[in-house]
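Values in this text are rule-based calculations from the coordinates and carry no lab data. All figures in this text were calculated on a predicted structure; none of them were measured in a lab. Here the Cβ positions follow ideal geometry from the backbone for every residue, glycine too, while neighbour counts run over all protein chains shown.
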Amino acid sequence: MRVALLSSTLFGRHCLQHGILPCAGVEVVGILTTPKRIEISYSDTPVEISRYCDFHDVSEKIGCEVGTLTGKVTGNSYLAFFHRWRPELVLALGWYYNVPRKARDVARIGCLGIHASLLPEYRGGAPVVWAIINGERRSGVTLFHLTDDIAGVNSPSRMRTRAQPSLRRSTGPRPRSYGPACRS
């Protein structure tokens, strides 16, 4: 299966190296990423990705292209890359932008996202950090099919885990749901 990855984070790199590449029959045909500082709809100024990761070394090892989206990201931003790579599946892992329908439709299977929280709780940035700050006893990840619903979680698959006792300290309240909807 031909897979394109959308990621700019260490989370995406970890998933690629330990979850995607070891799978038989999977060919990563391209990695679409961003610069460390990005323009995003909820901020008037560029924001810095705190757990940013460069994928060029990995792409050289596996023989695929890395594309970088810069400036204001639109559906057309994805298309040149996706038409060239012809992915059957797009995976958005640690991705900060909505993936518009015309970009998702290039992939025969569609686009799946993984978010490091049990959506819709802790949608947006730093979900693990906020779960720890709030002293959550359980957290997890959500695998979801990206749709026109910006939250993209109509039929999510979620996996829960218990927090380690040392992580259960709270330094103050933070809403479970904050900021713009998930842009995985």
### Task
Multiply the residue gap between residue 20 and residue 133 by 0.36 nm, knock off their C-alpha separation, and tell me the result in nm, one decimal place.
37.6 nm
#### Entry: Scattering profile of the range 1-94 at q = 0.14, 0.18 Å⁻¹ [log10 I(q)/I(0), Debye over alpha-carbon scatterers]
-0.49, -0.80
#### Entry: Inter-part distance where the range 4-72 and the range 98-132 are each reduced to a Cα centre, Å
14 Å
### Query
So how do 95, 130 line up by other beta-carbon neighbours within 10 Å, fewest first?
130, 95
### Within straight-line cross-link reach of residue 61, lysines at Cα separation under 24 Å, skipping those fewer than 8 residues along the same chain
36
### Query
What is the sum of charges around residue 3, taking Lys and Arg as +1, Asp and Glu as -1, for the other residues whose C-beta is under 12 Å from the C-beta of residue 3?
+1
